[in-house]
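Notes to accompany the following structure.
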Amino acid sequence: MTNAHGEPDATGQPHTTDPPTVTRLYPRLVVSDGARAIDFYRDTLGAEESERYTGPDGTIVHAMLRIGGAAIAVKDADTGDPAPTSLGGSPVIMALDVPDADAVAEAMLRGGATVVYPVADQHYGQRGGRLADPFGHLWMISQTIEDLTPEQIQQRTTDLFS
């Protein structure tokens, strides 16, 4: 590492200006009931659990799930990591590309999710909507119904908001 003047750090090791290497990125969803959340994601989104670590009291400290080609982690809320429900919601939206937006929304609703924006045809060539799961996380569900170029999407967006 170097100091602010570009000089070697105290260890004398050279500093590289290359960006750091990221080997994996996944969202870690904090929830009020980890076991129930895992069941919800399994039943409604087809999640597959690959690992689970629990504390002595049975709370989920860390569980890895795979939904489609993506990994997510789930953990129970604690004093250091509050659930979105205790904070009035979450500003993060999990986006799902699916072959049938209506079917996914129906499954989530049966599992206890609520509608934020109903599934409908959108100006950008998608059929989709937004739901909140029972644990306070937001999910945008999208199904491609019309192949559009970025220019066509931009034009439709401009037209819509003009």
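When the criteria are applied in full, Gly129 fails the requirement of being at pLDDT 95 or above and in a loop (DSSP other than H, G, I, E, B). Of all residue pairs spaced 6 or more apart or on separate chains, those with beta-carbon atoms under 7 Å, a first member in the stretch 145-160 that is among the basic types (Lys, Arg) and a second member that is at pLDDT below 95 are Arg156/His123; Arg156/Tyr124.
Applying the selection to the stretch 125-148, what residues are over 21 Å from the mean Cα position of the chain (by Cα) and open to solvent by 60 Å² or more (accessible area, probe 1.4 Å)? Those that are over 21 Å from the mean Cα position of the chain (by Cα) and open to solvent by 60 Å² or more (accessible area, probe 1.4 Å): Ile145, Glu146, Asp147.
For first residues located in the stretch 22-44 and closer than 14 Å to Thr85 by Cβ, partners that are among the polar types (S, T, N, Q) and open to solvent by 50 Å² or more (accessible area, probe 1.4 Å) and lie 6+ apart or on another chain with Cβ distances below 7 Å form the pairs Ser32/Thr85; Gly34/Thr59. The residues of the stretch 36-60 that are among the charged types (D, E, K, R) and assigned to a strand (DSSP E or B), listed by number, are Glu48, Glu49, Glu51, Arg52.
Restricting attention to the stretch 61-83, which residues are touching a residue at least 12 places away in the same chain (Cβ under 8 Å) and over 12 Å from Ser50 (Cβ atoms)? Listed by number, the residues that qualify are Val61, Gly68, Ala70, Lys75, Asp76, Ala77, Asp78, Asp81, Pro82, Ala83. Each residue in the stretch 65-121 was checked for being of a type outside the set (A, V, I, L, M), open to solvent by 30 Å² or more (accessible area, probe 1.4 Å), in contact with a Phe, Trp or Tyr (Cβ under 8 Å, 6 or more places away or on another chain) and outside any loop (DSSP other than H, G, I, E, B), and 1 of them qualify.
The values are calculated or read from the model by the stated rules, or taken from the named source; none is laboratory data. Predicted, not measured: the structure shown is a model, and the values here were computed from it. Backbone-built Cβ (ideal geometry, glycine too); neighbour counts: all protein chains shown. We work out accessible area using only protein heavy atoms, side chains counted, and drop any ligands, DNA or RNA first. Shrake-Rupley method; radii C 1.70, N 1.55, O 1.52, S 1.80 Å.
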